[in-house]
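Presented below is the structure to which this report refers.
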Amino acid sequence: MTEPIELARSILGRANDNESVEVCVGRSVRTTVRVHGGDVESLTLAESHGIGVRVVLDGPDGSREGLSHAGSFDSDVVDGLLAEARDNAQFAEPDPHVALALPDGVAITGVDPWSDGVEAMSVDDKISIAVAVDAAALSADPRVRGARTSIYGDSRSESAIVSTAGIETTGRSTSASTSTMVLIDDVDGGTRTGSAVDAAVSPQDLDPKMVAELAVRRGLQLLDAHRPMTARPSVVLEPRFTATVLGFVAGMLAGDRVVKGRTPFADRVGQSIAASPLTMFDDPTDHDSLGASATDGEGLACRRVPLITGGVLDGFLHDCHTARVSGASSTGSALRSVRGTPSPGHRALHLAPGSGDLASLIAEIDDGLLVAALQGLHSGVNAVSGDLSVGVEGIRIRDGELAEPIREATLAGAIPRMLLDITRVGADLERLPSGAHVPSLVLEGLTLGGAGS
C-alpha cells in the first residue's frame, strides 16, 4: 500500500519550476462498536484516504490560492489534482498575505502519540470493552434501568505534508475511547441521564468500570432536581467544564478571529484580561496529552504557546496566513483537514495549577453552584461579543456543603467579565479526552436564571 509520504512526494514532483505547491496526504482506520442491552447494536470498521493540494499563484495584485482534494489514492483520481488546484486558483480572490509556510527553524519534538495496541487488539476484544461498560453500568445501582448506548471507538491515522517551500513532515497518532450514557428512574417518574467517557492512546489503558461508575454517579446526583430561584451564586467548574468554557476563550484568541476583528480581545495584548490566578497556554508538545502532535497543519513544529500569564494576554494562536496579516510569526497552531485550507486553533489547552482540590474549593463557598451539565453551548456563546447564556444542571452549595440538585436553569453573563471574576484555580489537574490538562475553577459574576427572584 502506498505510504502517505511517498504519494505526497510523487504529486509534488509534478510541480512546475517556480510554482508554489503544497500536498497534504492522510490515511486513517476507525473502529466503532455500539452496545445496547448487552448486545452489539452496530459494528463499524472504516478506512479513509484523503489528499489535499494547494497551489499559490503570484500576481501583480496579490497571490491567488487554489485547492483541490480527493478521498482516494487511485492514480486516475490523483493524476488530475494538481491541474485542478491550478485551475481553481485562477478564480480565487487575490490576497497579498497568501503564501506557503516556510521552515522557521523551530525544532520538531519527538512527540509520537502512537500505540501498536490499537491495531493489535482483536475486534472481539474491542467489543468486549463496550459490553463491559454496559454491564457495569446496569449493575452499579438498582435505579439504573438501562443505558442509552455504550460505545467503544478507536482510530489510527498517518499523514504527510510536503511543499515546494521546503516542508516535508510526517505524523501519526492513535486513540481509543469508551463511553456510556445511563438512564435512571427519577422520583417524579421521569428519567435522568448520566454520562462519562475515558480516552487514551492505547485501548489497554481504558477503564470500563470507572466509566460506568462515574456515569451512574453523575446521574444519581441529579435525582429529584427542581428549577432553582434566580440568584448570583459562586460557580464551581469541575475540570471537564473548565476545559469547555476556557476552550471558548482559546477560540476567541485564534488569529483568524483577531484579523477579522471578531473577538473582544483583538487589541488587548499586554493588558489584564483575566484574574491574576489564571495562566493558560496551548502545549501540543506535552507527550501525555491526547492532543499531542509534533507538527501542525502546515508542517511546522508544534510548540508551547503562551496565551494568558497571570491574567495578562500574551498573544494569539497563529497559522502562517494570520501571522502575516498581523505582522507576527506563526505559532505552529495551524489545524487542517485535506478538504480545506489551514486555520489556527488550539490542540492541548493547559492551565497552570493553583491550590486545593474540588472538595476544598466547595468547602470555602457559602452560596454556590457546582455545575453538573451544560447545554446549548454552541448556540449560547457569542464568540464576537463574548456573551454567554447556556442551560445548566447542577448542585447548589450552601455553607460549604452540597445541597439540593437543580435543573431547567440557565447561566448567563459575559466571558470577558467572567475571566476577571475567577476567584480560585484548583490544583486538581485532570487530563481530558479533548487533550486539555486543567483543574477546577471558581467563578463569580454569572447569573443563575430560574423560577424567579
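The values are calculated or read from the model by the stated rules, or taken from the named source; none is laboratory data. This structure is a prediction, so every number in the text was calculated from the model and none was measured. Note: ideal-geometry Cβ built from the backbone for every residue, glycine included; neighbour counts use all protein chains shown.
Some notes on this structure:
- Annotation note: of 369, 290, 317, 374, the sole residue that is within 30 Å of residue 215 (Cβ to Cβ), crowded, with 24+ Cβ neighbours inside 10 Å, touching a Leu at 6+ places or on another chain (Cβ under 9 Å) and not assigned by TED's automatic domain parsing to the domain that holds residue 81 is 369.
- Spans of strands (runs of 3 or more DSSP E) in the stretch 373-448 with at least 1 residues in contact (Cβ under 8 Å) with a residue 24 or more places away in the chain, hydrophobic (A, V, I, L, M, F, W, C) and in contact with a Phe, Trp or Tyr (Cβ under 9 Å, 6 or more places away or on another chain): 387-398, 441-443
- Test: residue in the stretch 262-272 that is in contact with a Lys or Arg (Cβ under 6 Å, 6 or more places away or on another chain), at pLDDT 95 or above and surrounded by 15 or more Cβ atoms within 10 Å (Cβ to Cβ): yes
- Index of the failed condition, residue 129 passing every other in (1) among the β-branched types (Val, Ile, Thr); (2) more than 30 Å from residue 23 (Cβ to Cβ); (3) assigned to a strand (DSSP E or B): (3)
- Residue count, the stretch 287-307 (criterion: aliphatic (A, V, I, L, M) and without any contact (Cβ under 8 Å) to a residue 60 or more places away in the chain): 2
- The residue list 407, 417, 347 contains one member that is assigned by TED's automatic domain parsing to the domain that holds residue 451 and touching a His at 6+ places or on another chain (Cβ under 9 Å), which is 407.
- Of all the listed residues (68, 75, 42), the sole one being within 27 Å of residue 259 (Cβ to Cβ) and free of Cβ contacts under 8 Å to residues at least 24 places away in the same chain is 68.
- Criterion (farther than 30 Å from residue 128 by Cβ, surrounded by fewer than 18 Cβ atoms within 10 Å (Cβ to Cβ), modelled with pLDDT of 95 or more and out of contact with any Lys or Arg (no Cβ under 8 Å at 6 or more places or on another chain)) met by exactly one of 68, 10: 10
- The stretch 232-247 - residue that is in contact with a Ser or Thr (Cβ under 8 Å, 6 or more places away or on another chain) and assigned to a strand (DSSP E or B) and, of those, surrounded by the fewest Cβ atoms within 10 Å (Cβ to Cβ): 234
- Residue match in the stretch 248-256 (condition: modelled with pLDDT of 95 or more, farther than 30 Å from residue 24 by Cα and either part of a strand (DSSP E or B) or of a type in the set (Asp, Glu) (or both)): no
- Boolean, residue 347 is closer than 30 Å to residue 67 by Cα and surrounded by 16 or more Cβ atoms within 10 Å (Cβ to Cβ): yes
- Residues located in the stretch 286-306, provided they are under 15 Å from the mean Cα position of the chain (by Cα) and either assigned to a strand (DSSP E or B) or hydroxyl-bearing (Ser, Thr, Tyr) (or both): 289, 293
- One residue alone among 149, 44 is of a type in the set (S, T, N, Q), loosely packed, with under 13 Cβ neighbours inside 10 Å and assigned to a strand (DSSP E or B), and that residue is 44.
- The single residue among 106, 131 that is closer than 24 Å to residue 331 by Cβ and modelled with pLDDT of 95 or more turns out to be 106.
- Taking the stretch 38-68 as the range and being more than 30 Å from the chain's Cα centre (by Cα) and farther than 17 Å from residue 81 by Cβ as the test, the residues that pass are 38, 39, 58, 59, 60, 61, 62, 63, 64.
- Among the residues of the stretch 156-190, the ones that are small (Gly, Ala, Ser), within 30 Å of residue 225 (Cα to Cα), surrounded by fewer than 19 Cβ atoms within 10 Å (Cβ to Cβ) and modelled with pLDDT of 95 or more come to 0 in all.
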